[in-house]
1. Can you name every residue in segment 56-85 that is in a loop (DSSP other than H, G, I, E, B), open to solvent by 30 Å² or more (accessible area, probe 1.4 Å), touching a residue at least 12 places away in the same chain (Cβ under 8 Å) and among the polar types (S, T, N, Q)?
2. State which residue pairs qualify: first residue closer than 15 Å to I46 by Cα and inside segment 86-102, second residue open to solvent by 40 Å² or more (accessible area, probe 1.4 Å) and outside any loop (DSSP other than H, G, I, E, B) in any location, beta carbons under 8 Å apart, and separation of 6 or more residues or different chains.
Amino acid sequence: MTIPDPKSFSDLNADTVTQAQAATATKLEPTANRRLRRNDILKLMIADKLISYETAQKFVKVRANAHGEPLDRIALQQWRSLKPPYPELTVEFLVEWLAGKL
């Protein structure tokens, strides 16, 4: 099962979160010729309850045209996970977490 290809963050609704949650129940299937985008990462983070939907929305509004790697931009926010033991979402944490999804 794969995450839908979002063109904007506005497609993140209850149905998309359900799809993301379903995708996290299994490993993500690799998709040829497609990069993992910021919105894909945010949806997975919401599904895994690392961040709230509202936090993701605020991030997208403020950082809509920001350049750079998505994990670096997310880590710069210095967010803490919503799940105990509430680790800081550093680049290292996000890389290890995301590797578990592939």
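The values are calculated or read from the model by the stated rules, or taken from the named source; none is laboratory data. Owing to the predicted nature of the structure, the values given are computational and were not obtained by experimental measurement. With ideal geometry, Cβ positions are generated from the backbone for all residues, glycine too; neighbour counts draw on all protein chains shown. Quick note on the areas: whole protein, heavy atoms, side chains included, nothing else; ligands and nucleic acids left out. Shrake-Rupley method; radii C 1.70, N 1.55, O 1.52, S 1.80 Å.
1. Q77 - this is the single residue of segment 56-85 that is in a loop (DSSP other than H, G, I, E, B), open to solvent by 30 Å² or more (accessible area, probe 1.4 Å), touching a residue at least 12 places away in the same chain (Cβ under 8 Å) and among the polar types (S, T, N, Q).
2. Y86/R80; L89/R80
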